[in-house]
Amino acid sequence: PVPVAAGVTVSPATVSVRAADTQQFSAALQGSGSTTGGFSWSVNGIAGGDSVVGTISSSGLYTAPGVLPNPTSVSIRATSNAEPTKYGISATSLLNPIPLLTDVNPRTIGVGLITLHVVGGRYVSGATINFGGTSLPATLVSSSHLSATFTIPSSQTGNISITVSNPSCLPCPSTPEA
């Protein structure tokens, strides 16, 4: 018989997972709730997944890829080993990671044109530096280093909050660096 998307319940049925994070999935036969015989797991039709779409273990532990694929959604499938015509699917959306901010250079800033460097991790192309509420286009030097050149007006004084945001991740800025 041709397999149909029925007979197995995958939990969670829909979920969002950030790049390089993990998500535990479970499966059970519909009706009986049985897990006897276990399940075979695949990602976008690839048994066990791969580095592009993410991997999934024999126990259903999914690890999202470090770099988001295009499109940024994947299908997690559990097929019953006891009844291979029965399977279930989870729709999984992949999101950019939440950036980390550990240091800012220079730490003391005067008025005028400056280049600000922020160091941390999980930065992706299109990330922005948020300087005192102003979003600055940033240059991605590496996944742990961003820079932005801009002019600080004479009206800007005192401590300024600096955060980093990755695209499609708002609102989830990094921890502020004062």
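The values are calculated or read from the model by the stated rules, or taken from the named source; none is laboratory data. All values reported here derive from a predicted model rather than from experimental measurement. Here Cβ is always computed from backbone atoms with ideal geometry, including for glycine, and neighbour counts include all displayed protein chains. For accessibility, only protein heavy atoms count, side chains too; no ligands or nucleic acids. Shrake-Rupley method; radii C 1.70, N 1.55, O 1.52, S 1.80 Å.
Points to keep in mind about this one:
- Cβ-Cβ FRET estimate between S154 and N70, R0 fixed at 45 Å, reported to 0.05: 0.50
- Within the chain, percent of DSSP bridges classed antiparallel, to nearest 5: 90 percent
- The slack between T85 and A6, meaning 0.36 nm per residue of separation minus the straight C-alpha distance, is 27.6 nm.
- At the residue level, D21 shows approximately 60 square angstrom of accessible surface with a 1.4 angstrom probe and all protein chains present.
- Residue-normalised accessible area of the chain, given per residue in Å² at a 1.4 Å probe: 52 Å²
- log₁₀ of I(q)/I(0) at q = 0.28 Å⁻¹ - the range 57-110, Debye sum with one point per alpha carbon: -1.17
- Modelled this way, with points 7 Å down the Cα-to-C-beta line, the labels at L136 and D50 are 4.1 nm from one another.
- Portion, in percent, of the accessible area of the chain that falls on carbon or sulfur, probe 1.4 Å: 55 percent
- Amide H contacts of S16: S93, each under 5 Å away and 5 or more positions distant or on a separate chain (H built 1.01 Å from N in the peptide plane; Pro and chain starts excluded).
- Computed from the C-alpha gyration tensor, the three semi-axes of the ellipsoid equivalent to the range 22-138 are 45, 12, 11 Å, from longest to shortest.
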